[in-house]
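K.L.:
Quick one: the structure is below, and I'll ask about it shortly.
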């Protein structure tokens with residue numbers, strides 16, 4: 001290193017006021033230009049890359065000319081200057097000179113005001129890397145570059161503060177004492193808020209500077225102790241590449257907490273967050289249930305939350321299985337209290353009415369409903385009234401009809417458990433059979449071609465052990481002039497005609513049965529001609 | 001005599017459908033792709049079976065598919081819907097079906113955990129007292145899982161691992177007053193549930209428990225004026241019922257109960273002949289599920305250019321014959 005006192009003086013001027021006195025900058029050329037090589041531009045650099053290039057060139061006066069045309073092409077003074085700068089920059093070279101020669105050397109350096117320090121490597125435009133838009137930072141103006149540098153410093157400062165926060169938190173967790181005050185280290189509430197704020201700023205800076213995304217969970221100090229588990233990528237074509245970032249992050253945290261079987265409020269919130277993005281995600285529901293049961297949270301509260309989700313996602317069936325699990329878990333705690341059971345039954349009935357209003361035939365809702373009836377024992381008047389209301393609203397609601405049949409004929413109070421659905425059940429009281437037959441018939445008039453009450457009617461007859469012929473008069477109301485010609489023949493319900501065919505067969509009135517079936521095949525229900533023709537053949541067999 | 005002008009129906013757009021299925025796995029920049037990750041293996045089965053029926057089994061690379069399937073297997077033998085997803089009955093069944101399609105049971109033995117372990121996983125999901133099956137250790141019970149178990153176990157040759165009789169008993173309890181079957185005893189008859197119950201009984205060789213007359217009638221009533229089939233009375237027609245209803249009719253030998261030409265017409269109208277795929281109803285958005293079931297329906301209806309499908313296993317007949325040594 002040359003003695004400091006002999007460094008060339010810096011000229012006054014704008015360049016001198018810059019704080020960038022790092023080793024990569026050489027003193028600018030002196031005002032006089034006798035030693036200035038022709039390649040040094042005197043204009044102000046527009047980019048950082050240009051500036052570095054200028055500085056590089058300025059630190060090597062005569063270099064361009066020498067490269068171009070050789071040392072011998074330079075003027076003698078320039079030759080000496082060039083040689084001197086080679087020595088000045090290399091302590092190894094200087095060591096070979098004697099003391100006297102070295103003093104000579106420095107005299108030349110000072111007289112010519114040679115730049116002693118110089119950047120070793122030639123700058124390239126790519127030296128500063130690229131920004132988030134893919135632009136070379138070397139192409140920034142000096143002002144913009146300084147702005148970026150300032151932001152990087154800010155980010156570093158934030159990161160340091162964030163680490164300090166983590167240290168404090170760790171010391172508080174361990175119950176360590178503050179060395180100065182001798183008090184236990186405590187993490188104040190506002191420090192957590194400050195940290196959250198800090199991370200928000202860090203996220204913004206990282207995004208701006210590097211295009212990096214700092215996920216919602218990464219920004220949340222509450223989740224610092226969890227190491228997220230990213231998507232496991234098998235190495236083949238069918239595997240993942242792109243993954244929507246916020247969903248991916250949430251799922252990676254889910255994997256982590258599921259693996260360590262953590263059950264806590266934050267995990268519950270995590271499941272809610274994922275459900276809001278993807279309610280069809282099968283596993284998250286099961287894990288949510290685990291959380292609720294492990295923390296012994298109040299089931300009615302969860303059901304209230306679930307109601308909102310169910311109304312938003314009518315086609316989702318995990319919701320209903322979740323409800324099933326909740327009820328299974330909840331019921332034992334209220335089973336002995338008749339009031340509580342009836343209260344719960346009432347609130348469920350109210351919600352089922354609300355959700356069925358949106359989607360009257362939702363299969364998952366109805367199968368949950370039949371499960372609930374069995375579980376709570378709500379075989380009575382309230383449930384019957386509810387299903388009746390639905391049939392009144394829409395006589396074509398087959399789900400409601402099906403539920404009614406279940407309610408009436410599987411009621412343990414008056415049915416034989418284990419009876420097949422199509423077998424007679426003597427335990428069913430006669431007046432109930434009569435009542436149900438009447439109900440079906442009345443509803444049939446509202447829409448004679450609606451299939452549900454006709455199936456229901458036949459189902460009731462079977463349960464009651466009654467012959468089909470007992471409703472012949474009723475069925476006949478829907479048919480007139482059968483076989484008497486196109487102008488006369490009227491069929492208001494193909495189901496009625498089908499039932500009549502069965503009744504005639506039951507009564508062994510083969511020709512009448514055949515006529516009915518033939519007319520169905522030929523005219524009234526041609527699309528099912530294959531079925532009607534088969535029925536006609538069966539008549540022959542029964543003979 | 002039909003109301004329809006038959007010339008309106010487009011023919012089956014085979015190459016468009018093949019390309020549609022091939023494109024399915026390349027949508028990884030779509031959010032929807034990731035939201036349906038829990039169906040990934042099932043989706044692969046639907047797409048691959050469809051391709052086989054279309055006569056293009058090679059359209060998805062075989063080796064990659066096998067690798068992917070095996071990567072979904074867990075220690076307990078079961079398969080998850082995608083790598084990292086917990087094992088479940090439905091994805092396990094899809095895995096077995098895919099391996100059957102690709103004739104890759106050897107790979108399962110050598111590189112996977114072997115057929116026996118898979119059989120064990122499935123068998124452990126049977127509720128020994130009721131006979132029915134759960135989908136996973138969480139216990140949701142559904143006749144779909146029962147059918148899935150029978151389907152996969154019989155393909156693996158391991159049906160004896162489960163209590164078939166108890167399962168059959170459970171199915172009979174799901175029979176309803178209208179001739180159909182529901183998801184559990186007392187639940188509404190539904191074409192999908194009917195298929196699962198009937199197919200399970202068929203695999204078990206117990207069709208004698210079915211009242212075919214009543215069931216056939218219920219199934220025949222599914223056809224609506226437009227020719228399509230619905231899944232329950234007074235519901236809208238949907239292409240997927242071309243499978244659930246039609247295969248059920250096939251199993252009891254009563255496909256003549258419906259008007260086949262009208263059904264073919266309906267299915268063909270549900271195609272998107274430009275970008276490929278089939279939807280639930282004409283004009284709706286397509287998806288791979290409805291694409292498969294539209295094709296299986298057409299195959300059952302002997303539509304030219306399609307491989308015959310097995311009505312019980314929902315796999316090409318050639319696959320089932322090969323695996324079961326028929």
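Nothing in this text is a laboratory measurement; each read-out follows from the coordinates by a stated rule. Source: prediction; values computed, not measured. Don't worry about glycine lacking a Cβ; one is built from the backbone with ideal geometry, like all the others, and counts go over all protein chains shown.
K.L.:
Set the Förster radius R0 to 25 Å, insert the Cβ-Cβ distance between residue A:224 and residue A:329 as r into 1/(1 + (r/R0)^6), and round the FRET efficiency to 0.05.
P.N.:
0.20
K.L.:
Another question about this same structure. Hey, rough spin-label estimate for residue A:259 and residue A:416, points 7 angstrom out along Cα→Cβ, what's it come to in nanometres?
P.N.:
Reported label-point gap for residue A:259 and residue A:416 is 5.8 nm.
K.L.:
Here is a follow-up. Report, in degrees rounded to the nearest 10, the 0 to 90 angle that the Cα long axis of helix A:398-409 makes with the longest principal axis of chain A.
P.N.:
It is inclined by approximately 60 degrees.
K.L.:
Given labels modelled 7 Å from the Cα in the Cβ direction, how far is it in nm from residue B:161 to residue A:540?
P.N.:
Taking the simple label geometry, residue B:161 and residue A:540 are separated by 4.9 nm.
K.L.:
Calculate, in nm to one decimal, what residue A:79 and residue A:477 gain on full extension: separation in residues at 0.36 nm each, minus their alpha carbon distance. Could you put the intermediate results ahead of the total?
P.N.:
Values: separation 398, 0.36 × 398 = 143.28 nm, distance 12.54 nm.
Answer, rounded to one decimal: 130.7 nm.
K.L.:
Right, next: Can you work out the FRET efficiency for the pair residue A:358 and residue A:67, with r the C-beta to C-beta distance and R0 = 60 Å, to the nearest 0.05?
P.N.:
Rounded to the nearest 0.05, the efficiency is 0.15.
K.L.:
For the Cα atoms of chain A, what angle does the longest principal axis make with the long axis of helix A:189-210, in degrees from 0 to 90, nearest 10?
P.N.:
70
K.L.:
Using 7 Å Cα-to-Cβ label points, what is the residue A:492/residue B:138 separation (nm, one decimal)?
P.N.:
Label at residue A:492, label at residue B:138, 5.0 nm between them.
K.L.:
Which length gain, in nm to one decimal place, applies between residue A:384 and residue A:122 when the Cα-Cα distance is subtracted from 0.36 nm times their residue separation?
P.N.:
Between residue A:384 and residue A:122, full extension yields an extra 85.4 nm.
K.L.:
Follow-up. Say R0 is 22 Å: what FRET efficiency, to the nearest 0.05, do residue B:106 and residue B:63 get from their beta-carbon distance?
P.N.:
The calculated FRET efficiency here is 0.95.
K.L.:
A further question follows. Other chains' Cβ within 10 Å of A:452-463 residues: what's the mean?
P.N.:
3
K.L.:
Using only Cα atoms and rounding to the nearest 10 degrees, what angle (0 to 90) does helix A:48-58 make with the longest principal axis of chain A?
P.N.:
Orientation of helix A:48-58: about 20 degrees from the principal axis.
K.L.:
Follow-up. Would you mind giving the mean number of other chain beta-carbons within 10 Å of the Cβ of each residue in B:249-259, as a whole number?
P.N.:
Neighbouring Cβ atoms belonging to other protein chains average 3 per residue here.
K.L.:
To continue, here is another question. Can you check what the Kirkwood hydrodynamic radius comes to for region A:470-543, Cα pairs only, in Å to one decimal?
P.N.:
Numbers: mean 1/r = 0.0826 Å⁻¹.
With all distinct Cα pairs of region A:470-543 included, I get 12.1 Å.
K.L.:
Given N residues in the protein assembly as shown, what is Rg(Cα) / (2.2 N^0.38 Å)?
P.N.:
1.39
K.L.:
Can I ask one more? When the convex hull of the Cα atoms of region A:140-223 is projected onto a plane and the area is averaged over all directions, what value comes out in nm²?
P.N.:
Its Cα hull, projected and averaged over all orientations, spans 6.7 nm².
K.L.:
When Cβ neighbours within 10 Å are restricted to other protein chains, what is their mean count per residue of peptide A:213-225? Please list the in-between numbers first.
P.N.:
Values: counts 0, 0, 0, 0, 0, 0, 0, 0, 0, 0, 0, 0, 0.
That works out to 0 on average.
K.L.:
Using 0.36 nm per residue, how much length does the chain from residue A:151 to residue A:266 gain when fully extended, once their Cα-Cα distance is taken away?
P.N.:
Contour length minus Cα-Cα distance gives 38.1 nm.
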